[in-house]
Amino acid sequence: MGAAQPLSTPDSDQIISINPATGETLGSVPDMSVDEVRAAVQRARTAQLAWRNLPVDERCRRVKRYAVELMSRAEEVIDLIVAEGGKTRQEALGMEVAVVADLVNYFCKHAPKLLGRQPIPLHLFKHRSSYIHYVPRGVVGIIAPWNFPFSIPMGEVMMSLITGNAAVLKPSEITPMIALKAKELHDDCGLPPDLFQVVTGRGRTGAALIDAGIHYCVFTGSVATGKQVAAACGERLIPCTMELGGKAPAVVCADADLDRTAKAITWGAFANSGQVCCSVERVYAHQSIHDELVERMAAEIDKLRQGDGASDKVDVGAMTWDKQVDHVEAIVADAVGAGAEVVRGGKRLDRDGLFYAPTLLTRCNHDMDVMRKEIFGPVVPVMKVVSEAEAVALANDSHLGLLAYVFTKDRTKAKRLAEQIEAGTVMINDVLNTYGCPETPCGGVKQSGIGRTHSEIGLKDLCEVRHVNADRVALPRELWWYPYTDKGYKLMLRGMRWLLGRR
């Protein structure tokens, strides 16, 4: 049966990293004290004082070395991601390594323009000018999840450095070794060593990071923990970005290309063993195509090869955390007890390692937890609907709103439906991959979070936005300055009526 992950006892000063596919011990990291976290933040703050004064294009030139170093050592990084995270080699390459390298190259090319002065044309006071400029915040604290332990935090680290900040990363205690490897690459490519710090530990370490004087916080994780982090940031007036849970719906219309749809949903539900915040977690299929879609998805699942991701002949790897496997087992059992039918999978594999079979459920309804709560595992429930309107209404009947998907051949209809769905991103006839596009914003609505990562929006959020207002023409005084006079009042009234009161 699945091997437990003994991540050490709560009072231990060491955290053990375990390969979830084999149970092998990979290494250990310290559970850092509050003082150690404060010292790391102070080192980053000191290094940032010099870094921030470099021109943006010079920072970009230096940060670009990280992409070169990463790609030259890609297989070394992939091996560790596979071993500690349980995912397949192709997922480690495509969803982790390549995402970071591409993001670095993209922002190093475009950041000098994106972060340049932005003029503001003044519509009324033409004798003055205004512009916005972007200033580094200082030290960015990044609290990262275990499902994408390289691409999620390192994208934010690299964007932080490009914008002139320092970065301190607190990785998940489930996958700490990958963060140390990321730090090793940073130091080896010639960037200032103190500019990027890694602090390892449990929840106490994350709390200490927020309390250590950071200037911005980026958190990715569960809704419950995100609320605690946001509250701690709020107490200290630390601006933050929260990327929390998802329950991504797929709306499948009667005119969808069912072959493409079945393939897309299968990949979107089971990539990284379903441990993706934007996984396809519920499907609303029009009644006219429901049965055929289920048949096609079952056929696609039958082709999947599951096992240790270290093998090149594996499509679905291990899950990463034993407690998450327990959650998946419980939510599927609850659905089956309430009347859902297991078409494929539905159980933990009888072998060593944290493996749960890719699972397809039908006869689901919206009273079931499997349709309402985040699964975060290789399970996709399908529900039959009578109309597109019902599908959209059910898609919106959720406290989460990170991603959503629409499948139809009618592009006009697709965009109309997409704009009705309450989600930060809606993809049409595709799944998952928008996170790999650094120019597109990532973030949710409702309890899926606040703020955005990636994109011009995410880049500028890592800066303080400052405004400068200057004179174009040197006047001895403004009309509205002291002293107030009757003549001045009448002149202003006449002018305001002419400017503001015309039809």
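Okay, here's what the table says:
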| item | result |
| --- | --- |
| Per-residue HN-Hα couplings for the range 424-434 [Karplus 6.51, -1.76, 1.60; θ = phi - 60°; Hz; x = Gly/Pro] | x, 9, 10, 9, 10, 6, 7, 9, 6, 6, 4 |
| Footprinting exposure proxy for Val135, Val280 (fewest neighbouring C-beta atoms within 10 Å first) | Val135, Val280 |
| Eligible lysines near Lys347 by straight Cα distance, threshold 16 Å, same-chain separation 8 or greater | Lys323 |
| Protection proxy ranking, peptides 166-172, 31-37, average beta carbon neighbours within 10 Å, highest first | 166-172, 31-37 |
| Members of Lys263/Lys415; Lys181/Lys263; Lys87/Lys313; Lys313/Lys409; Lys170/Lys373; Lys113/Lys181 lying beyond 23 Å, as alpha-carbon distances in this model show | Lys181/Lys263; Lys313/Lys409; Lys170/Lys373; Lys113/Lys181 |
| At R0 = 45 Å, FRET efficiency that the Cβ-Cβ distance of Lys413 and Asp334 yields, to 0.05 | 0.80 |
| Under the span-like rule (Cα at least 27 Å along the axis, Kyte-Doolittle mean at least 0.5), DSSP H helices of the chain | none |
| Length-normalised contact order of the chain in % [C-alpha pairs under 8 Å, at least 6 apart] | 18 |
| Nonlocal amide H pairs with Arg282, under 5 Å, H built at 1.01 Å | Ala250 |
| Centroid-to-centroid separation of the range 72-100 and the range 122-193 [C-alpha atoms, Å] | 21 |
| Gap separating the Cα centres of the range 302-321 and the range 43-70, nearest whole Å | 38 |
| Two-decimal Rg to Rh for the range 248-438 - Kirkwood Rh, Cα set | 0.94 |
| Fewest-first ranking of Val336, Val139, Val382, Val294, using other Cβ atoms within 10 Å as the exposure measure | Val336, Val294, Val382, Val139 |
| Segment Ala299-Asp211, extension gain: residue separation times 0.36 nm, minus the distance between their alpha carbons | 26.5 nm |
| Disulfide-incompatible cysteines by the Cβ rule (no partner under 4.7 Å) in the chain | Cys189, Cys253, Cys277, Cys278, Cys364, Cys437, Cys442, Cys463 |
| Set of the range 108-137 residues, backbone N closer than 20 Å to the point 7 Å along the Cα-Cβ line of Ala50 | 136-137 |
| Peptides 386-395, 97-106, 372-381 ordered by average Cβ neighbours within 10 Å, highest first | 372-381, 97-106, 386-395 |
| Segment Ile428-Ser72, length gained on full extension (0.36 nm per residue, minus Cα span) | 124.7 nm |
| Of (1) 63, 43, 17; (2) 42, 24, 20; (3) 44, 32, 19, the label for semi-axes √(5λ) of the Cα gyration tensor in Å derived from the coordinates | (3) |
| Contour excess over end-to-end distance, with Cα ends at Arg503 and Arg117 and 0.36 nm allotted per residue | 135.4 nm |
| Surrounding net charge for Trp146, when Lys and Arg each add one and Asp and Glu each subtract one, Cβ distance under 10 Å | -2 |
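Bear in mind that the values in this text are calculations on the coordinates, not laboratory data. Quantities reported herein were computed from a predicted structural model and do not represent experimental measurements. A quick note on method: Cβ atoms are made from the backbone with ideal geometry, for glycine too, and the neighbour counts reach across all protein chains shown.
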